[in-house]
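First comes the structure, then the notes that go with it.
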Amino acid sequence: MLSQIRPAIVMIGLFTALTGLVYPLAITGVAQLAMPTQANGSLIEGDGTVIGSTLIGQNFVSDRYFHGRPSATTAPDPADPSKTTDAPYNASNSMGSNLGPTSKKLVDRVNAAIEAEFAAGRIDVVAADAVTTSASGLDPHISPQFALAQASAVAKARNLSEMQVRALVEANTEGRVLGVIGEPRVNVLLLNMALDRLK
């Protein structure tokens, strides 16, 4: 019996070391050499301080900035830890709402978001991503249509011409990967940083 247990224990130890230590360390080393920025979270720094990541959205609330799509992420309620409260772009709790297309709650939330967007006067056309959440709740991108719909309100808040702001959106629109994969998109953080650089 010992002759069967000993090889099994040796194999468990060997494969634990290989798959649990050697492989992850090797992949981490290759990633650090091949693409260090992406391997470290695609962080963006300004004045020596990390201000965000191109991979995780942020909750911009000022009218002076473009807004990202809604986020369904939550966090524990500080008043009652047994409950949750909305916490947009909470990276420690990445998730979507998990509400299906026939859900009355989803329909009511989307209709309320549409009404809120029009009431705020920020947009004149509602793009789908203006009122729907992504699967992760952390999507850093919006469609060019949603960005352009916000251009007028952002230009007004910053005393810029709408043409300047629309040109900035166009300049920050990323195309499809290899020309065929995905959809054109705008990274909200990068767009807002470009906006801050406008004089």
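The values are calculated or read from the model by the stated rules, or taken from the named source; none is laboratory data. Note that this is a predicted model, so its numbers are computed, not measured. We place every Cβ from the backbone using ideal geometry, glycine too, and count neighbours over all the protein chains shown.
Being of a type in the set (S, T, Y) and within 30 Å of T132 (Cβ to Cβ) is true for just one of T28, T85. Which residue is that?
T85
Spot the failing condition for T54; the list is (1) under 30 Å from R197 (Cβ atoms); (2) of a type outside the set (D, E, K, R); (3) without any contact (Cβ under 8 Å) to a residue 12 or more places away in the chain, and only one is missed.
(3)
If a residue has to be in a helix (DSSP H, G or I), over 12 Å from L195 (Cα atoms) and of a type outside the set (D, E, K, R) to count, how many in region 158-181 make the cut?
1
List the number of the failed condition for L106; all other conditions in (1) touching a residue at least 12 places away in the same chain (Cβ under 8 Å); (2) surrounded by 16 or more Cβ atoms within 10 Å (Cβ to Cβ) hold.
(1)
Return the residue satisfying two criteria in turn: it lies in region 58-84 and is touching a Ser or Thr at 6+ places or on another chain (Cβ under 9 Å) and free of Cβ contacts under 8 Å to residues at least 24 places away in the same chain, and of such residues it is farthest from R158 (Cα to Cα).
Out of the qualifying residues, it is A79.
Could you check V154 against (1) surrounded by fewer than 14 Cβ atoms within 10 Å (Cβ to Cβ); (2) among the hydrophobic types (A, V, I, L, M, F, W, C); (3) part of a helix (DSSP H, G or I) and say which number it fails?
(1)
Between a residue in region 171-187 that is under 17 Å from Q150 (Cα atoms) and any residue that is surrounded by fewer than 14 Cβ atoms within 10 Å (Cβ to Cβ), which pairs come within a Cβ distance under 6 Å, given they are 6 or more apart or on different chains?
Going by the 6 Å Cβ cut-off, the qualifying pairs are T173/P184; P184/G175.
For region 182-199, give me the residue count where each residue is over 16 Å from the mean Cα position of the chain (by Cα) and either assigned to a loop (DSSP other than H, G, I, E, B) or among the acidic types (D, E) (or both).
Quick first cut of region 182-199, residues over 16 Å from the mean Cα position of the chain (by Cα) only: 194-199.
Restricting the remaining residues to those that are either assigned to a loop (DSSP other than H, G, I, E, B) or among the acidic types (D, E) (or both) gives 196, 198-199.
Result for region 182-199: 3.
I'm trying to understand the selection: among the residues of region 159-172, which are surrounded by fewer than 16 Cβ atoms within 10 Å (Cβ to Cβ) and either at negative phi or in contact with a Cys (Cβ under 6 Å, 6 or more places away or on another chain) (or both)?
Listed by number, the residues that qualify are S161, E162, M163, Q164, A167, E170, A171.
Among the listed residues A120, A112, A149, identify the single one that is among the small types (G, A, S) and surrounded by 16 or more Cβ atoms within 10 Å (Cβ to Cβ). Step through it out loud before you land on a result.
Details: A120 fails: surrounded by 16 or more Cβ atoms within 10 Å (Cβ to Cβ); A112 fails: surrounded by 16 or more Cβ atoms within 10 Å (Cβ to Cβ).
So the residue among A120, A112, A149 that is among the small types (G, A, S) and surrounded by 16 or more Cβ atoms within 10 Å (Cβ to Cβ) is A149.
Only one residue in A72, A34 is under 22 Å from Q150 (Cα atoms) and hydrophobic (A, V, I, L, M, F, W, C). Which one?
Exactly one residue qualifies, and that residue is A72.
Out of all the residues in region 157-169, which are touching a residue at least 24 places away in the same chain (Cβ under 8 Å), in contact with a helix residue (DSSP H, G or I) (Cβ under 9 Å, 6 or more places away or on another chain) and under 22 Å from N59 (Cα atoms)?
R158, V165, L168, V169
So is L178 assigned by TED's automatic domain parsing to the domain that holds H67, on the phi > 0 side of the Ramachandran plot and either touching a His at 6+ places or on another chain (Cβ under 8 Å) or of a type in the set (A, V, I, L, M) (or both) or not?
Answer is yes for this residue.
State which residue is farthest from the chain's Cα centre (by Cα) when the search covers only region 124-136 and only residues that are crowded, with 16+ Cβ neighbours inside 10 Å and over 14 Å from V188 (Cβ atoms).
Filtering region 124-136 for residues that are crowded, with 16+ Cβ neighbours inside 10 Å and over 14 Å from V188 (Cβ atoms), the one farthest from the chain's Cα centre (by Cα) comes out as V126.
Could you tell me which of the residues T102, T132 is touching a Pro at 6+ places or on another chain (Cβ under 8 Å) and β-branched (V, I, T)? Show your work before the answer.
Values: T102 fails: touching a Pro at 6+ places or on another chain (Cβ under 8 Å).
Going through T102, T132 in turn, the sole match is T132.
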